[in-house]
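Student: If you scroll down you'll find the structure; I have some questions about it.
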Amino acid sequence: MKNILIHLLLLTTIIFAQTGGVTGKVTNNSSPLPGVNILVMGTTTGTVSDAKGNYRIRELKPAIYELRYSAVGYKTIFKSVEITANRLIEINIDLKTDIIEVGEVRVVDDYSQKQDDTRTSLIQVKPEKARVLPGAVTDVFRTLQALPGVLAPNDFSSQLVIRGSGPDQNLIIMDDVEIFNPYRLYGVISMFNPEAVSEINLITGGFPSMYGDRLSAVLDVTNKQGTVTKDFAGNINASIVAANFVFEGKNPWGIPGSWLINTRRTYYDLVIEPFVKNSGLVEENVSFPNFYDVQTKLAIGPFSGHKFLINAILSRDAVELISGNDRNTPDSVSVNDLSKNDLASFAWHYTPNKNTLNKFIVSWYRNGGDSNFDSEFLDPSLNRESFEEVETDTLAPYLLGFQFESDYYFEKISIDDKFSLFWGEGNELRAGIGMDFMKTVFDFDFELDPQLEAIVQSNPNARSALADLSDTRNYKRYRTYLHNNFKIGKRLFFQPGIRVDYYDILEKAYFAPRVSMSYALDDLTTVRATWGLYYQSPGYEKLRDAQIFYDLNQSITRNLEAEKAIHYVFSIERWITEEWRAKFETYYKRFDNLIIPAVAQGSTYYTELIPGRNPKLAESWTRPVTNLGDSLTQIPQNNAFGEAYGFEFLIEKKNIAGFDRINGWVSYALAWANRFESGLKIPFRFDQRHTMNVILNYKINNWLDLGVRFQLGSGFPLTEAIGIKPRIILEDNDGDLVPETPVVATRTSFDGNQKEVIYDVDYGNRNRRLSSRRPVYHRLDLRLSATADYWGYDWVFYLDVVNVYNRSNVINYDYYITENLQLGKEETTMFPILPTIGFNLKF
């Protein structure tokens, strides 16, 4: 580390002999605008416009820069400029609300929400936050998990759990296209590359009528367009686990517009895998997963108000793992899996005048894959440590078999037209119409050991049955929406809206009115409130996030209703100073017609130990008696409702001018989330009562930055075991292959002298589901970033450490039966301390 810092110090001494600069004037509707912050992005260089709106920045090295012009209460403008030696370039900027892109100037929202914006629960994240947030591994979704109301299921997942709703209830949009599976590496990271993203907008509740078919939240991401000031530019971000390349430039042959290509690849299989094998940390027959993707965006125009955008994505996740008989563990596993995620879209933006914008979008999206999983693994009721030295040929009585084959894909062709009109003073009309042509193909085959099937059915944590599922569905979704933002007086803004969806899979239409308002108590304080009705249709495309299997054939879905939610949200936001912002928000969500697996009448079995007998012998137990009980099926039904409510507090220190050493935020959320099924009140599986996030960025000096992230949360619900019980299986009496009689299951003992009873972990009945809690979760992440100029390029070298003090955060408990028939318990934990080094290069 000492040598690295010495080299970084040497790199920072390399400077250009000649410099240039930029000057100009900032106005608002042609009137001078003083006090505007002008920042050279990626540096600490900047200035503030004077009383006449004039500004000047000198001593910039020749390069392409992005300038940010920002002031509280105005739209922020980003301007690309190429600085050349010994030249002062003039750039005049007019700050105002405008939706038209003119040349190389792109107008975007700062993540300071304007007072006329009636959206509650809006979180606007700058892409650079996703690049540098400690522990986020340069991932957009993991950055969002540090914000109020947003949770992660666990350290291994980039899924978003928002205000008492599951990941399947979040709408994910990229460049006006709905994405079903926005993950890579089997959920570890998201598909959004922060190096290629320009806007990240998350609405955690009360979203407007332009969004639909989801109950919880909306993540709307816009990928950036390439530079128009240079033929070729780029960005490289590489670490010990992955590489990320972004290339961009203006269109050739004088065609207005730009192009951008970005690609990522993990190399766990190329770098990490050989290292851990040589270290003896895993066996030679273990393989690590990998993924790669390529994304591109082509912008053509503008031509007299016309602009054309083309997006394309090609993505592959793969793993091939074979574990044979030469092994140090009792398990034998064979896995072959390939997942594909592909997209193509075309958008035509037409702006006939400064007040009108129409977007016409056509897109194709397909997510699918095929898997083959074949395994024999140790009976989960046994202690694995007791079998580490057992000979392979003696393991057969203790292994259970599980085979799984799948072939699936979700395909969607969408057509949308979205219209925006700015009329009068502060009034904004948005309307749209669209349709989706869906095709889903599912072919899932399961082969379970009969004893394993008995274990699954007796476990109250099981969410659905594992039975074969094969279905092909073609269906459509139609939608239209209309809302208008009215300015009433000087301080009140009111937005009513209506949305209509028709779900062909249900053969039903749904009307969803929504209304929101904002009121400016003064120039620094804004009150907002929202009420809305939301619907979500069933669909195979949502099942991946839900992690549950349903049979959605037509004879079943025609009897279903869409799931429904009602949102009530109230917030108050105040700027304490120009850089300090405080926000309080409270919400209540009511869920109805929630879809859960139907419960069928099944068999449970009761047996008891005969007093004075050896509990290891089958004859010591009474004959099992059959009782009627509940058994989960794959049939969906609207048989649950729920509620989620809570309070969220945020205080944030912003670096408006780019000169402050410290910025960041502290947030706290107090939340409740419950489900009601068959008269029972059950905590939602991601119900977390207390959540706190502390984010701090500290500029140590002009080349070294420290990032700190601390997370604290009370534990998620879980179902704890209460003891052990003999395993009951069905025995065939007459040889006709039809199981008939329940008996106590046995296996031959190690010494081969007798048959011993097989025991299972006893979780009690389903009424005990999620009645306990995991331990408190907390984690500290740090990131040290050093900037330098080397060979005329901008470099950033970083050290990122996840879980600095190596906290063992529990994800679950593994229960087993000891040799003396006691219940054993072992923690399964999440990330240990994980250091990562890497660099970022811009050219």
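Student: Which angle from 0 to 90°, rounded to the nearest 10, does the C-alpha axis of helix 2-11 make with the longest principal axis of the chain?
Tutor: On a 0 to 90 degree scale, this one is about 30.
Student: Take Trp253, Trp364, Trp621 and sort them by solvent-accessible surface of the protein heavy atoms, 1.4 Å probe, largest at the top. List each step's numbers first, then the result.
Tutor: Numbers: Trp253 225, Trp364 85, Trp621 40 Å².
I get Trp253, Trp364, Trp621, largest accessible area first.
Student: To continue, here is another question. Among 119-129, 158-168, 19-29, what's the highest-first ranking by average C-beta atoms within 10 angstrom per residue?
Tutor: My ranking of the peptides, most packed first, is 158-168, 119-129, 19-29.
Student: Also: By average Cβ neighbour count within 10 Å, what is the ranking of 437-449, 141-153 from highest down?
Tutor: Values: 437-449: 16.8, 141-153: 23.4.
Ranked by mean Cβ neighbours within 10 Å, highest first: 141-153, 437-449.
Student: Continuing with the same structure: So who's got an amide H within less than 5 Å of the one on Tyr790, skipping anything under 5 residues away but keeping other chains? H placed 1.01 Å off N, in plane.
Tutor: Trp795
Student: Quick one: which residues, 5 or more positions from Ile728 or on another chain, have an amide H under 5 Å from its amide H? H modelled 1.01 Å from N in the peptide plane, none for Pro or chain starts.
Tutor: It is Ala745, by chain and number.
Student: Then there's this: How much solvent-accessible surface does Thr746 expose, in Å² to the nearest 10, with a 1.4 Å probe and all protein chains in place?
Tutor: So the heavy atoms of Thr746 present about 50 Å² to solvent.
Student: Moving on. Tell me, what % of the accessible area of the chain is carbon and sulfur with a 1.4 angstrom probe? Don't skip to the answer; put the middle values down first.
Tutor: Values: 20730 of 36970 Å².
Whole-percent figure for carbon plus sulfur exposure: 56.
Student: Hey, another quick one. Computed from these coordinates, which is P(r) over Cα pairs in 20 Å bins from 0, in percent: [x] 13, 45, 31, 10, 1; [y] 12, 25, 22, 16, 11, 7, 5, 2, 0; [z] 13, 40, 36, 12, 1?
Tutor: [x]
Student: Continuing with the same structure: Taking only protein heavy atoms into account and a 1.4 Å probe, give the accessible area per residue of the chain in Å².
Tutor: Heavy-atom accessible area per residue stands at 44 Å².
Student: For Leu33, what accessible surface area do you get with a 1.4 Å probe? Give it in Å², rounded to 10.
Tutor: Near enough 20 Å² of accessible area.
Student: Quick check: Cα centre of the stretch 552-625 to Cα centre of the stretch 415-449, how many Å?
Tutor: What the calculation gives is 28 Å, centre to centre.
Student: Could you pull the Cα extents of the stretch 149-262 along its three principal axes, largest to smallest, in whole Å?
Tutor: 51, 40, 20
Student: Roughly how many debye, to the nearest 20, is the charge dipole of the chain about its Cα centre, given +1 on each Lys and Arg Cβ, -1 on each Asp and Glu Cβ, and no other charges?
Tutor: Details: 87 positive and 104 negative charges, 950 e Å.
Approximately 4560 debye in magnitude.
Student: So which of Lys75/Lys354; Lys52/Lys653; Lys307/Lys354; Lys25/Lys418 end up more than 23 Å apart, counting from Cα to Cα?
Tutor: Numbers: Lys75/Lys354 16 Å; Lys52/Lys653 28 Å; Lys307/Lys354 14 Å; Lys25/Lys418 35 Å.
Pairs exceeding the cut-off: Lys52/Lys653; Lys25/Lys418.
The values are calculated or read from the model by the stated rules, or taken from the named source; none is laboratory data. Values in this document were obtained by computation on a predicted structure and should not be read as measured data. Quick reminder, even Gly has a Cβ in these numbers, built from the backbone with ideal geometry, and neighbours come from all protein chains shown. The area values use the complete protein model at the heavy-atom level, side chains included, leaving out ligands, DNA and RNA. Shrake-Rupley method; radii C 1.70, N 1.55, O 1.52, S 1.80 Å.
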